[in-house]
Amino acid sequence: MTGSIDRTRTTCGILVVLFLLLACGVFIHRGPVRALGRDSPDLKRIYASTRGWLYQVNPYAMEALSPVLTDGGLEPPKAQSSDRPWVLVYLPTTFTFLWPLAALPWPVARMVCLVANILLVPMVIYCVAKEAGLKRNALTTWLFVGGTLAMAPLHANLSMGQLALFILFLVAVSQRCISTQHPVIAGCLLGVATAIKPQLAGLFLAYQVYRGQWRCGVAACAMISGAGVIGVGWMTVNGVTWLPVLQGNVAAFAADRASAGPEGSLAFHLVNLHYLFHAFSDNAMVVNVSVYLAAALLGGILLYYHHRSRRQENELIAMAMIGLLSLLVVYHRIYDALLLVFALAVCARAIRDDCRPVCWIMALSLATFFTPGGALFNELHRSYGMPAWVTGGWWWRCLVMPHQIWGLLVSGFCLIAIMSRSITDK
């Protein structure tokens, strides 16, 4: 009997090592290597607006930005170019924290961002694993490490020059600060994260306030307010008329079909519930109400179980659910799904402690993010011309293309099941 257990452990260890090596290879190829071959398209927009703000021109008007971008070594997009136009909608609070990057020439800023993102990867893994209580030499810990490295959202962050990894780092460190009784530091970090990307960090801040972490909330609000005063004040002092242009950009962004229905030009990149529900209804109001009802259902069940249990280990489950709800409710592309690292840690810990079928169901749901998802199927269809009977069916529109969103929903109910199980076992 002992020999059989030892053989099983050895086999599992070999499989985990192979998975980890494969994940490392995929991460290197799809992340840093691909980033070096691309020109960080999303970072260009962030750099453009922030550099414009820094050099006292309208950060939302491309015609005003062209001279300062050219001076920084970044060629502005041409009006007749076939590339998608830059719709600049970053809030003034963002510029307050990112101006040091925009002060650098574009080639230097791009490399600094890439190196910083690579260095943030092990820091995020360490913080989240520590919060989950994963032991360094346990197989499930290395399963979590491999799963994180294999995530397509991580690769997209590096190759696109996105900020979601930095936001995740700030949120993860802030949670560690809360756990170690340093609420003011946690609030400052959450304030910076929310000022830069409120759609990613806002719910995490709201959750800390809901928990009664008032010092954390006050510190965060002070950071956000200070960033707003500096960001808006700098433009006001320099006579920049920015608000009407920003409002026009926001309206243009909202009108983009990619942010709503399944026929949008970039809809297959989305992971919010709107894309899935638009496959069943073209009525925008019905879709919006359905999204909020689904989010309220998941959030309400979470709060119910959270009130019944104040165990510290359930805080990570709450963080995982907040990350998931953040993705479902508002516009998000796949790179923002990096917030699922919290759910991945919960899954690894549950496999270690319980190893019930729900753990493996959740693992399979999260594994849908090991590939680019709908973007992969769209590329296959574009390159190889899939027949109409494949791409024209309801199952393609409702199941195949939005399969990652289904994975998010399944993961949400799995998180609730894991939390409810921890309550009954206490």
Q. How do the pairs read when you match residues in the range 274-292 that are touching a residue at least 12 places away in the same chain (Cβ under 8 Å) with residues anywhere that are hydroxyl-bearing (Ser, Thr, Tyr) and exposed (fewer than 13 other Cβ atoms within 10 Å of the Cβ), using Cβ under 7 Å and keeping only pairs 6 or more apart or on different chains?
A. VAL287/SER281
Q.
For a quick check of your reading: which helices (runs of 4 or more DSSP H) sit entirely within the range 82-170 and have at least 3 residues that are surrounded by fewer than 22 Cβ atoms within 10 Å (Cβ to Cβ)?
A. 92-102, 106-132, 139-150
Q) When the range 40-78 is examined, which residues are found to be without any contact (Cβ under 8 Å) to a residue 24 or more places away in the chain, part of a helix (DSSP H, G or I) and of a type outside the set (A, V, I, L, M, F, W, C)? A) GLY52, GLU63, SER66, PRO67, THR70, ASP71
Q) Of all the residues that make up the range 351-385, how many are under 16 Å from ARG333 (Cβ atoms) and in contact (Cβ under 8 Å) with a residue 12 or more places away in the chain? A) 9
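I'd like the residue in the range 251-260 that is surrounded by 14 or more Cβ atoms within 10 Å (Cβ to Cβ), part of a helix (DSSP H, G or I) and among the hydrophobic types (A, V, I, L, M, F, W, C) and, out of all such residues, is modelled with the highest pLDDT.
Looking at the filtered set, the residue picked out is PHE253.
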(Q) Report every pair of residues separated by at least 6 positions or lying on different chains whose Cβ atoms are under 8 Å apart, first residue within the range 118-129 and of a type outside the set (D, E, K, R), second modelled with pLDDT under 95 and not in a helix (DSSP H, G or I). (A) none
Q) So LEU190 fits all but one of (1) within 30 Å of CYS359 (Cβ to Cβ); (2) modelled with pLDDT under 95; what number is the exception? A) (2)
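For the range 230-247, what are the residues that are farther than 11 Å from ASN58 by Cβ and surrounded by 14 or more Cβ atoms within 10 Å (Cβ to Cβ)?
Answer for the range 230-247, where residues must be farther than 11 Å from ASN58 by Cβ and surrounded by 14 or more Cβ atoms within 10 Å (Cβ to Cβ): ILE230, GLY231, VAL232, TRP234.
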Q.
Looking at the range 275-296 only, could you name the residues that are out of contact with any Gly (no Cβ under 9 Å at 6 or more places or on another chain), surrounded by fewer than 17 Cβ atoms within 10 Å (Cβ to Cβ) and not in a loop (DSSP other than H, G, I, E, B)?
A. MET285, VAL286, ASN288, VAL289, TYR292, LEU293, ALA296
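The values are calculated or read from the model by the stated rules, or taken from the named source; none is laboratory data. The model shown is predicted, which means the values in this text are computed figures rather than measured ones. Cβ coordinates were reconstructed from backbone atoms using ideal geometry, including for glycine residues, and neighbour counts include every protein chain displayed.
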